[in-house]
């Protein structure tokens, strides 16, 4: 059952920011994550600020330079089914289509998907864990089958739950943020916060700040983007391991690449070792093997999630072979 | 009322002969209604949303209950301060262990008796206090405002540690809840004569029932009379438990459970929540609706206990099984719950083997108490036995199907008496043929040689279910109205298996009326007849013969009445469609609805009782299931391509709901084998990690194959009961996981001895190799 | 007294009724956490005025305040689909939707698929194909299929499976649900 909160549905961004700029205020976009968080009591919210009456935050349109501007309130379903997205950034469309289940995609928004709270069962459960203000990360010494192998610094081992963030990072997307101090635009790659920087926050948004739009740059020539997700169950589930690829191809040669992993780290995890292994190389068996080995470089798995090492290797191998097969 | 006395009859339908008083009815040779694909009599209510489940009940002045539960695996309650909560808006009732209402009340479950509020909390989820308020939101606000001081104590939640001597004791008498030993023949001698002896350890995960409808009830007092609407598998069982705890006569406790949203064994009895609802309803003098939250149902309403098993088996080169030695340990939970109950039954009974030894040790741990779960013990035992059978077959170079067929027992060895009928051989043989076993094996082997990282496997498992023949007691009343329409009155619950529909079909078959004019009253201790809970796959074999007996009682009375009208002796008369006809003089006939006795009385009441089961014979359903799947050896992902279930459950009563049961059992077995496991935070808090349907994963529409086939193996079993029906709901989920495991072995060459095999486990084992 | 007895809509209206308008009101008017507010909802083509707290979900309002109990609660956390309703023809979870958020939208529940006492085509197909067992997830499954067919009148088997992949059935009646969805699609397009 949900605790008590006040509710307001402003019509302007200015008012929205004003309402959000107090401790205990939370933005309600689709509500699919917020309602769950309130039910589980994982944060103190005394005011819910609905974004549903705001104009201009909804929809997908092509920008003058050939990129896309996606309103933060656009639903995941709309992103996954948009012909524009599918044509220009299939990786994002695939990421969106892998989110949760159909009803949650119909309700959840792209902005909300980027700002989700983690799904660690200790964090969501009745455990006063580090991220909630407690003293330790229960998952580290406890049950961490689904947890991170990168970037946790043994502080907090959540994985970032988003399936749209990895493709957005790979595609070089940016988010527009509005807040008490005005507007700013930052790369999605810089949106999320690692535990070492701040274990109590998931994004760099400050109090009162809200994401309004996602900007996607014009896709480069011969861009090949994709998202592939491995999960324990085929619906509702978050990634055990996932990979978003954005490859700029020249024949069978990868000119530039961006490779971002999900299910890997507390933030969408850019895998520079894989990028280094494939960029400026022909995508042949040797390259793919190197890339597969590279994907686990620097990993710090825990006793219960060692399986993720070979899973990521296998995933990279399979995905890159798929790309190389398409080239033939 | 209809003018035409025949409109409710299926015209031209012959009806079975009416046995003379004291005689048993003949076994139906052919049936006209029974067995056909018949949509459910209550389908309209269920698809329109008009079916009223207990959680849909709303009474005037009703308030809502919520329960404060112990958040620790093991703790003692030192102090409960409800002062703040009592004063909160909307709060109308509040009860704790200190409340006078709770004083002296004992909770009873499976032989255990202890205080309703036990300050010594032995599992996370034990009740500490309860509140009822105008809205459930307010009730929960108040629950959160109750301050409790706990003394948190050390816990043990791993059943493998419970008996090591290092674990804290759950009860004063120690952690051993019970031991069960069984032996026949000469086990050592059996192993000595074997050509191959294999030994393997197996583990199965803890599966939670999580039916779609939450556990809960509505409690309402009228003076000293209590009415409970409970989401339940058996209203009489709820009545009995409540009257015992509350010290009330059975007649003053009315339990109603017309519709219920699934139970799978977890709703055979009421919960403490039912008692708390009743107590708070009394306190507030208002009806209380107490529906648990989904999270609570993961903690305190039962589970299929996890089991650790060891099986040693001997076989001769010709496939003769020489010995089984089986050992198993499993947790009841905090209180007696059957942690290892009948896990060993398949080892004892399924395959011909003269020398068998079984040892089961049931232990206490600081976690929720087990409850029967769809075929208790059997999927676990099957997980060990069926994988072992495949391993033995491989070692002696025999096809796994051949090995099983070689060892079909002629009697129930576990009981030492014959089966009435056994379809085990037919299930395996005909199932394999329909599945295309040989071709499928060939296809899989070819693919696995091709070098693709997608490997393919086929596997099978066979089973029986320990009971499934039903039996007394049961009473059913059938009312024949003067227009020929019928009312069927029985106490049994329809837990989703289609019981009501089958009973209507039985009555229709016997009386010649159309099934859709049969009105059914059921599952109400105030107005319907005694029945045991719907569980154990016994509802149809228990109730169907009872319904038949009630219908025959109606027919006998009508014949008696018609004898007066026709001036012919009753012994000469019998039903012919909608008429009573003299067998000696066919011109003497009368419409049932014209029988003056019926017209005068308005209604004729027939009473049926469930007769005894055959003496010294065992009634069991049998099955074999077959599975084909693929494994992605890079990622560990698995895809089940198809499943076939060949089931001998005696007569198929309704083909439509029969197939649905088979498919549903397979889906649940897929969950047991591949997706579901309770995760306790064993090394730190002992608390439950996965208490929702995201973290505890049921199979979804995308996790089950589109290609599923049900192949009924219908064998006449007149000895079982007068309808020939045997249980179905449980065998359908027994061999599913083992069939999957055997298919995974073919695909990967890895023996998956630990269930469930989810992609994480698959990937781990692919990396660790065959030994891992 | 500010509390609302379910069904007995007797509470006084102390909160500002700003969300009673179909257009959201000015932002400075906050619905207080402890107040109830009058809310207009359009459900199955009928307008309802109910008093709600900001925290009440659409599911709670449908079932306990209005009495439309066809929509079921299975988890209250967006993990089972038993509460699926259509909002502007799109399947959503009523348990994850605040009632105040449903204002001004077209809500369709299982009761709304009926024509009088007559079952709708999807319901009929579920009946004929025995696409349920205990029936508790069924209204949600029916609504998911209804939503699917409104958007994709001739779905493939994969689209059907995906369409109901946000709806658990613990009885495991999926196979028959697929068949019912296919049958309903054929009937609806014919």
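Rundown of residues vs (1) part of a helix (DSSP H, G or I); (2) over 21 Å from residue C:76 (Cβ atoms); (3) at the interface with chain C (Cβ under 7 Å from one of its Cβ atoms), yes/no style:
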| residue | (1), (2), (3) |
| --- | --- |
| B:662 | yes, yes, no |
| B:674 | yes, yes, no |
| B:686 | no, yes, no |
| B:694 | no, no, yes |
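When residues in the stretch B:46-59 are screened for being more than 8 Å from chain C (Cβ to nearest Cβ) and either outside any loop (DSSP other than H, G, I, E, B) or over 18 Å from residue B:230 (Cβ atoms) (or both), 1 of them pass. Per the listing B:545, B:614, the residue uniquely in contact (Cβ under 8 Å) with a residue 12 or more places away in the chain, surrounded by fewer than 24 Cβ atoms within 10 Å (Cβ to Cβ), closer than 30 Å to residue B:729 by Cβ and out of contact with any strand residue (DSSP E or B) (no Cβ under 7 Å at 6 or more places or on another chain) is B:614. In the set (1) buried (at least 20 other Cβ atoms within 10 Å of the Cβ); (2) within 11 Å of chain A (Cβ to nearest Cβ), the condition left unmet by residue B:730 is number (2).
Beta carbons closer than 7 Å, at least 6 apart along the sequence or on distinct chains, never pair a first residue in the stretch C:78-104 that is without any contact (Cβ under 8 Å) to a residue 12 or more places away in the chain and within 12 Å of chain B (Cβ to nearest Cβ) with a second that is assigned to a loop (DSSP other than H, G, I, E, B) and buried (at least 24 other Cβ atoms within 10 Å of the Cβ). Got at least one residue in the stretch B:718-728 being part of a strand (DSSP E or B) and in contact with a strand residue (DSSP E or B) (Cβ under 7 Å, 6 or more places away or on another chain)? Yes: the stretch B:718-728 contains one or more residues that are part of a strand (DSSP E or B) and in contact with a strand residue (DSSP E or B) (Cβ under 7 Å, 6 or more places away or on another chain). Here residue A:134 meets the list (1) within 14 Å of chain B (Cβ to nearest Cβ); (2) farther than 22 Å from residue B:758 by Cα; (3) not in a loop (DSSP other than H, G, I, E, B) almost entirely, failing just condition (3).
All conditions in (1) within 14 Å of chain C (Cβ to nearest Cβ); (2) buried (at least 24 other Cβ atoms within 10 Å of the Cβ) hold for residue A:77, with the sole exception of (2). Just one of the listed residues (A:59, A:31, A:24) is facing chain C (nearest Cβ under 7 Å) and at pLDDT 95 or above, and it is A:31.
Quick grid of which residues meet (1) within 14 Å of chain C (Cβ to nearest Cβ); (2) under 33 Å from the mean Cα position of the chain (by Cα); (3) within 19 Å of residue B:284 (Cα to Cα); (4) surrounded by 18 or more Cβ atoms within 10 Å (Cβ to Cβ):
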| residue | (1), (2), (3), (4) |
| --- | --- |
| B:66 | yes, yes, yes, yes |
| B:71 | no, yes, no, yes |
| B:78 | no, no, no, no |
| B:93 | no, no, yes, yes |
| B:108 | no, yes, no, no |
| B:111 | no, yes, no, no |
| B:116 | no, yes, no, yes |
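The residue list C:173, C:181 contains one member that is more than 8 Å from chain B (Cβ to nearest Cβ) and in contact (Cβ under 8 Å) with a residue 24 or more places away in the chain, which is C:181. Taking residue B:402 and the conditions (1) in contact with a strand residue (DSSP E or B) (Cβ under 8 Å, 6 or more places away or on another chain); (2) touching a residue at least 12 places away in the same chain (Cβ under 8 Å); (3) surrounded by fewer than 21 Cβ atoms within 10 Å (Cβ to Cβ), which numbered condition does it fall short on, given that it satisfies the others? Failed condition: (1).
Right, residue B:538: in contact (Cβ under 8 Å) with a residue 60 or more places away in the chain and surrounded by fewer than 23 Cβ atoms within 10 Å (Cβ to Cβ) or not? So residue B:538 does not fit the description; no. Here residue B:516 fits the description: in a helix (DSSP H, G or I), outside the structural domain of residue B:729 (by TED's automatic domain parsing) and at pLDDT below 95. Within the stretch B:239-259, which residues are closer than 27 Å to residue B:542 by Cα and either in the same structural domain as residue B:528 (by TED's automatic domain parsing) or touching a residue at least 60 places away in the same chain (Cβ under 8 Å) (or both)? Those that are closer than 27 Å to residue B:542 by Cα and either in the same structural domain as residue B:528 (by TED's automatic domain parsing) or touching a residue at least 60 places away in the same chain (Cβ under 8 Å) (or both): B:239, B:241, B:244, B:250, B:253, B:254, B:255, B:256, B:257, B:258, B:259. The strands (runs of 3 or more DSSP E) found entirely in the stretch B:120-185 that carry 3 or more residues being closer than 24 Å to residue B:326 by Cα and outside the structural domain of residue B:679 (by TED's automatic domain parsing) are B:176-184. Put simply, of A:246, A:239 the only residue that is in a loop (DSSP other than H, G, I, E, B) and surrounded by 20 or more Cβ atoms within 10 Å (Cβ to Cβ) is A:239.
The values are calculated or read from the model by the stated rules, or taken from the named source; none is laboratory data. Quick caveat, the model's predicted, so the values are computed rather than measured. Counting neighbours? That spans all protein chains shown, and the Cβs are built from the backbone with ideal geometry, glycine included.
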